[in-house]
Amino acid sequence: MSTKETMLRLLEAAGGKFISGSGIAHSAGVSRKAVWEKAAALREAGFDIEAGGGGYRKAGGKIFPQLIKNYAKKDFGVKF
């Protein structure tokens, strides 16, 4: 699983609560700097990720639509 996918899954599972960058880094097996870079790339790709004093969180209450699409492609073979 890629760092971006790990980060998205963690943020989705947290349900809008902040997760520390070091916690994400530990789970993904990467550096804290890599988490920062991936978060920036995900925001540029349209994911609504908020960074703050508590780390990172999914902004808003919606499920990441891109993540649903990704799950459907991988898990169910749905074509978009």
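Rule-based calculations on the coordinates, nothing more; no lab input. Computed from a prediction, not measured in an experiment: that's the story for all the values here. When we count neighbours, we look across all protein chains shown, and the Cβ atoms used for this are built from the backbone with ideal geometry, even at glycine.
Annotations for the structure displayed:
- Each residue of the stretch 16-23 is assigned a 3J(HN,Hα), and the resulting list reads x, 7, 6, 10, 5, x, 5, x Hz, derived from the Karplus form 6.51 cos²θ - 1.76 cosθ + 1.60 (θ = phi - 60°), x at Gly and Pro.
- Charge sum, other residues only, whose C-beta stays under 12 Å from GLY55's C-beta, Lys/Arg counted +1 and Asp/Glu -1: +3
- Within the stretch 27-43, backbone nitrogen closer than 11 Å to the virtual label 7 Å beyond the Cα of ALA51 toward Cβ: 33-43
- In plain terms, the chain from SER20 to MET1 could stretch by 4.9 nm, reckoned as 0.36 nm per residue minus the Cα-Cα distance.
- Nitroxide proxy distance, nm - points 7 Å out along Cα→Cβ at ALA59 and ARG43: 0.7
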